[in-house]
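Reviewing the structure listed below.
The values are calculated or read from the model by the stated rules, or taken from the named source; none is laboratory data. Bear in mind that the values here come from a model prediction, so they are computed numbers and not experimental data. Virtual Cβ from ideal backbone geometry, glycine too; neighbours counted across all protein chains shown. These area figures cover heavy atoms from the full protein model, side chains too; ligands, DNA and RNA do not enter into them. Shrake-Rupley method; radii C 1.70, N 1.55, O 1.52, S 1.80 Å.
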Amino acid sequence: MQDGGETVLGGAVVHLGHLGPGAQRTMVADLREVVRAAPLFSPETRRGKKMSVAMTSAGRFGWVSDRRGYHYEARHPSGVDWPPIPESVLAVWRELSGSARLPECCLVNFYREGARMGLHQDRDEADFSEPVLSISLGDDALFRIGGTERGGRTQSLWLSSGDVLMLAGAARLAHHGIDRIRFGSSTLLDGGGRINLTLRVVT
Ligand code: MD6
Ligand code: FE
(Lines give C-alpha, C1' and ligand atoms only; values in the text may rest on other atoms or scores of the structure.)
(Ligands and ions follow the chains in the order given, each with its own letter.)
Protein backbone atom coordinates (compact mmCIF):
# COMPACT_ATOMS: atom_id res chain seq x y z
CA MET A 1 0.00 0.00 0.00
CA GLN A 2 1.22 3.46 -0.88
CA ASP A 3 -1.17 5.91 0.70
CA GLY A 4 -1.19 9.48 -0.59
CA GLY A 5 -3.66 10.62 2.04
CA GLU A 6 -7.33 11.41 1.95
CA THR A 7 -9.39 14.22 0.53
CA VAL A 8 -13.12 14.96 0.65
CA LEU A 9 -14.94 16.34 -2.37
CA GLY A 10 -18.65 17.04 -2.20
CA GLY A 11 -18.97 14.45 0.56
CA ALA A 12 -17.08 11.74 -1.36
CA VAL A 13 -14.05 10.44 0.51
CA VAL A 14 -11.08 9.87 -1.80
CA HIS A 15 -8.12 7.77 -0.68
CA LEU A 16 -5.40 9.08 -2.96
CA GLY A 17 -2.86 6.53 -4.19
CA HIS A 18 -4.32 3.83 -1.99
CA LEU A 19 -3.04 1.08 -4.29
CA GLY A 20 0.63 1.08 -5.21
CA PRO A 21 1.93 -0.04 -8.62
CA GLY A 22 2.32 -3.71 -7.62
CA ALA A 23 -1.20 -3.95 -6.21
CA GLN A 24 -2.56 -2.25 -9.34
CA ARG A 25 -0.83 -4.76 -11.61
CA THR A 26 -2.14 -7.69 -9.55
CA MET A 27 -5.65 -6.30 -9.82
CA VAL A 28 -5.38 -5.82 -13.59
CA ALA A 29 -4.23 -9.45 -13.97
CA ASP A 30 -7.23 -10.60 -11.90
CA LEU A 31 -9.55 -8.45 -14.05
CA ARG A 32 -8.22 -10.06 -17.22
CA GLU A 33 -9.65 -13.34 -15.88
CA VAL A 34 -12.98 -11.65 -15.17
CA VAL A 35 -13.15 -10.28 -18.72
CA ARG A 36 -12.19 -13.65 -20.17
CA ALA A 37 -15.16 -15.29 -18.40
CA ALA A 38 -17.57 -12.37 -18.90
CA PRO A 39 -16.51 -10.29 -21.94
CA LEU A 40 -16.92 -6.51 -22.03
CA PHE A 41 -20.01 -5.23 -23.83
CA SER A 42 -21.30 -1.75 -24.68
CA PRO A 43 -24.73 -1.29 -23.14
CA GLU A 44 -27.49 0.82 -24.59
CA THR A 45 -29.24 3.45 -22.56
CA ARG A 46 -33.00 3.29 -22.13
CA ARG A 47 -33.23 5.68 -25.08
CA GLY A 48 -31.33 3.25 -27.30
CA LYS A 49 -28.05 5.19 -27.39
CA LYS A 50 -24.82 3.20 -27.11
CA MET A 51 -22.82 4.09 -24.01
CA SER A 52 -19.20 5.12 -24.71
CA VAL A 53 -17.98 2.98 -21.79
CA ALA A 54 -17.63 -0.81 -22.17
CA MET A 55 -18.78 -2.86 -19.18
CA THR A 56 -18.92 -6.18 -17.48
CA SER A 57 -19.37 -7.34 -13.88
CA ALA A 58 -18.22 -9.81 -11.27
CA GLY A 59 -20.18 -11.10 -8.29
CA ARG A 60 -23.65 -12.43 -7.61
CA PHE A 61 -25.22 -9.65 -9.68
CA GLY A 62 -24.10 -7.68 -12.71
CA TRP A 63 -25.33 -4.25 -13.68
CA VAL A 64 -26.82 -3.99 -17.15
CA SER A 65 -28.60 -1.33 -19.15
CA ASP A 66 -30.93 -1.94 -22.06
CA ARG A 67 -34.28 -0.77 -23.46
CA ARG A 68 -35.91 -2.01 -20.26
CA GLY A 69 -33.76 0.44 -18.30
CA TYR A 70 -31.04 -0.08 -15.73
CA HIS A 71 -31.12 -3.15 -13.55
CA TYR A 72 -29.14 -5.92 -11.92
CA GLU A 73 -29.05 -9.34 -13.59
CA ALA A 74 -27.86 -12.70 -12.27
CA ARG A 75 -26.20 -13.52 -15.62
CA HIS A 76 -23.98 -11.96 -18.27
CA PRO A 77 -25.84 -11.26 -21.57
CA SER A 78 -24.23 -14.45 -22.99
CA GLY A 79 -26.07 -16.49 -20.34
CA VAL A 80 -23.06 -17.40 -18.18
CA ASP A 81 -22.86 -16.62 -14.46
CA TRP A 82 -20.79 -13.56 -13.57
CA PRO A 83 -17.35 -14.63 -12.34
CA PRO A 84 -16.52 -14.17 -8.64
CA ILE A 85 -15.18 -10.83 -7.41
CA PRO A 86 -11.37 -11.20 -7.21
CA GLU A 87 -9.86 -11.39 -3.74
CA SER A 88 -7.57 -8.42 -4.53
CA VAL A 89 -10.70 -6.30 -5.03
CA LEU A 90 -12.57 -7.64 -1.97
CA ALA A 91 -9.53 -6.76 0.16
CA VAL A 92 -10.01 -3.05 -0.64
CA TRP A 93 -13.68 -3.25 0.38
CA ARG A 94 -12.80 -4.98 3.67
CA GLU A 95 -10.21 -2.36 4.43
CA LEU A 96 -12.14 0.82 3.60
CA SER A 97 -15.92 0.28 3.37
CA GLY A 98 -16.75 -0.01 7.06
CA SER A 99 -19.55 -2.37 6.02
CA ALA A 100 -20.35 -5.65 7.76
CA ARG A 101 -21.49 -7.05 4.42
CA LEU A 102 -19.55 -7.97 1.30
CA PRO A 103 -20.21 -6.43 -2.13
CA GLU A 104 -22.57 -8.41 -4.35
CA CYS A 105 -21.60 -6.59 -7.54
CA CYS A 106 -18.32 -5.35 -8.90
CA LEU A 107 -19.12 -3.34 -12.01
CA VAL A 108 -16.15 -3.06 -14.37
CA ASN A 109 -16.19 0.07 -16.57
CA PHE A 110 -13.62 0.36 -19.34
CA TYR A 111 -12.94 3.80 -20.84
CA ARG A 112 -11.28 3.94 -24.24
CA GLU A 113 -10.17 7.24 -25.80
CA GLY A 114 -13.06 9.70 -25.77
CA ALA A 115 -15.27 7.68 -23.40
CA ARG A 116 -17.14 9.50 -20.66
CA MET A 117 -19.95 8.95 -18.21
CA GLY A 118 -22.80 11.38 -17.73
CA LEU A 119 -23.93 12.62 -14.33
CA HIS A 120 -25.96 9.94 -12.58
CA GLN A 121 -26.93 8.57 -9.20
CA ASP A 122 -26.23 5.00 -8.07
CA ARG A 123 -29.74 4.16 -6.90
CA ASP A 124 -30.58 0.68 -8.17
CA GLU A 125 -29.59 -0.91 -4.86
CA ALA A 126 -31.98 -1.86 -2.02
CA ASP A 127 -30.07 -0.39 0.94
CA PHE A 128 -28.63 3.12 0.64
CA SER A 129 -27.04 2.81 4.10
CA GLU A 130 -24.44 0.60 2.37
CA PRO A 131 -21.59 2.52 0.71
CA VAL A 132 -20.46 2.38 -2.91
CA LEU A 133 -16.71 2.14 -3.30
CA SER A 134 -14.85 2.75 -6.55
CA ILE A 135 -11.31 1.94 -7.65
CA SER A 136 -9.55 3.79 -10.49
CA LEU A 137 -6.92 2.04 -12.64
CA GLY A 138 -5.04 3.35 -15.67
CA ASP A 139 -5.49 6.78 -17.24
CA ASP A 140 -6.45 9.85 -15.21
CA ALA A 141 -10.12 10.83 -15.22
CA LEU A 142 -11.95 14.06 -14.43
CA PHE A 143 -14.57 13.12 -11.82
CA ARG A 144 -17.44 15.50 -11.16
CA ILE A 145 -19.75 15.40 -8.16
CA GLY A 146 -22.84 17.41 -7.24
CA GLY A 147 -25.62 17.00 -4.73
CA THR A 148 -28.52 14.62 -4.28
CA GLU A 149 -30.76 16.94 -6.28
CA ARG A 150 -30.22 17.42 -10.00
CA GLY A 151 -28.85 20.67 -11.32
CA GLY A 152 -26.98 22.03 -8.31
CA ARG A 153 -23.40 23.16 -7.96
CA THR A 154 -20.75 20.58 -8.85
CA GLN A 155 -17.06 20.12 -8.03
CA SER A 156 -14.37 18.28 -9.98
CA LEU A 157 -11.24 16.30 -9.20
CA TRP A 158 -8.77 14.34 -11.34
CA LEU A 159 -8.70 10.70 -10.24
CA SER A 160 -5.49 8.74 -10.85
CA SER A 161 -4.59 5.08 -10.98
CA GLY A 162 -4.75 3.56 -7.49
CA ASP A 163 -7.22 6.10 -6.07
CA VAL A 164 -10.22 4.71 -4.16
CA LEU A 165 -13.38 6.80 -3.80
CA MET A 166 -16.30 6.16 -1.48
CA LEU A 167 -19.86 7.44 -1.66
CA ALA A 168 -21.47 6.90 1.73
CA GLY A 169 -23.81 8.59 4.18
CA ALA A 170 -25.12 11.94 2.95
CA ALA A 171 -23.09 11.60 -0.28
CA ARG A 172 -24.42 8.12 -1.13
CA LEU A 173 -26.97 9.51 -3.60
CA ALA A 174 -24.88 12.40 -4.92
CA HIS A 175 -24.91 12.92 -8.69
CA HIS A 176 -21.52 12.12 -10.21
CA GLY A 177 -19.87 11.32 -13.52
CA ILE A 178 -16.69 11.35 -15.59
CA ASP A 179 -16.29 14.32 -17.95
CA ARG A 180 -13.23 13.00 -19.76
CA ILE A 181 -10.11 10.91 -19.43
CA ARG A 182 -6.54 11.94 -20.18
CA PHE A 183 -5.92 9.16 -22.67
CA GLY A 184 -2.42 7.68 -22.48
CA SER A 185 -1.53 9.36 -19.16
CA SER A 186 -0.82 6.00 -17.49
CA THR A 187 1.25 3.02 -18.63
CA LEU A 188 -0.66 0.50 -16.48
CA LEU A 189 -2.86 -0.80 -19.31
CA ASP A 190 -1.31 -1.86 -22.62
CA GLY A 191 -2.90 0.36 -25.23
CA GLY A 192 -4.06 2.92 -22.68
CA GLY A 193 -7.51 3.52 -21.26
CA ARG A 194 -9.05 3.50 -17.82
CA ILE A 195 -10.77 0.89 -15.69
CA ASN A 196 -13.15 1.89 -12.94
CA LEU A 197 -14.51 -0.72 -10.55
CA THR A 198 -17.58 0.07 -8.48
CA LEU A 199 -18.42 -2.24 -5.61
CA ARG A 200 -21.94 -2.36 -4.22
CA VAL A 201 -24.17 -4.30 -1.90
CA VAL A 202 -27.25 -4.86 -4.08
CA THR A 203 -29.94 -6.55 -1.92
C1 MD6 B 1 -16.06 6.25 -12.80
N2 MD6 B 1 -17.75 6.17 -11.16
O3 MD6 B 1 -15.25 6.60 -11.94
C4 MD6 B 1 -17.52 6.30 -12.53
N5 MD6 B 1 -20.26 5.46 -8.75
O6 MD6 B 1 -15.71 5.85 -13.90
C7 MD6 B 1 -18.96 6.01 -10.63
O8 MD6 B 1 -19.95 6.00 -11.33
C9 MD6 B 1 -19.08 5.84 -9.20
O10 MD6 B 1 -16.83 6.46 -8.74
C11 MD6 B 1 -20.45 5.30 -7.43
C12 MD6 B 1 -19.45 5.49 -6.52
C13 MD6 B 1 -18.23 5.87 -6.94
C14 MD6 B 1 -18.02 6.06 -8.31
FE1 FE C 1 -21.78 5.78 -10.23
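Tell me, what HN-Hα J-couplings in whole Hz come from the Karplus equation 6.51 cos²θ - 1.76 cosθ + 1.60 at θ = phi - 60° for each residue of the stretch 87-92, using x for Gly and Pro?
The phi angles translate into 4, 4, 7, 4, 4, 5 Hz.
With each label point set 7 Å from Cα along the Cα-Cβ vector, what nm distance links ASP30 and PHE128?
So the two model labels end up 3.0 nm from each other.
Please list LEU173, LEU165 from largest to smallest accessible area, probe radius 1.4 Å, with all protein chains kept in place.
Sorted by accessible area, descending: LEU173, LEU165.
Using DSSP to call loops (not H, G, I, E or B), can you name the trypsin sites (Lys or Arg not before Pro) in the stretch 23-75 whose Cβ has at most 13 other Cβ atoms within 10 angstrom?
The qualifying sites are ARG46, ARG47, LYS49, ARG67, ARG68.
What Kirkwood hydrodynamic radius, in Å, does the stretch 45-113 give when the mean of 1/r is taken over all pairs of distinct Cα atoms and then inverted?
Answer for the stretch 45-113: a Kirkwood hydrodynamic radius of 13.3 Å.
Alpha carbons only, please: Rg and Dmax for the stretch 57-196, in angstrom.
15.2, 42
Please list, ordered by chain and number, the residues whose modelled amide H lies under 5 Å from the amide H of VAL53; skip anything fewer than 5 residues away on the same chain.
ARG116
With n ≥ 4 as the cut-off for DSSP H runs, can you work out [θ] at 222 nm for the chain, using -39500 (n - 2.57) per run divided by the number of residues, rounded to the nearest 500?
Roughly -4500 deg cm²/dmol at 222 nm, from the helical runs in the chain.
Sequence-distant or interchain residues sharing an amide H contact under 5 Å with TRP82, placed H: which?
HN-HN under 5 Å from TRP82: HIS76.
Where only protein heavy atoms count, and the probe is 1.4 Å, what is the accessible area per residue for the chain in Å²?
I get 47 Å² per residue for this part.
Picking from VAL108, VAL92, VAL14, which is most flexible by a Gaussian network model of the chain using Cα springs under 10 Å?
VAL92
For the chain, give the percent of accessible area contributed by carbon and sulfur heavy atoms, probe 1.4 Å, rounded to a whole number.
Within the chain, the accessible surface is 50 percent carbon and sulfur.
Please work out the FRET efficiency for the pair ALA170 and GLU95, using the Cβ-Cβ distance as r and a Förster radius of 25 Å; give the result to the nearest 0.05.
Rounded to the nearest 0.05, the efficiency is 0.65.
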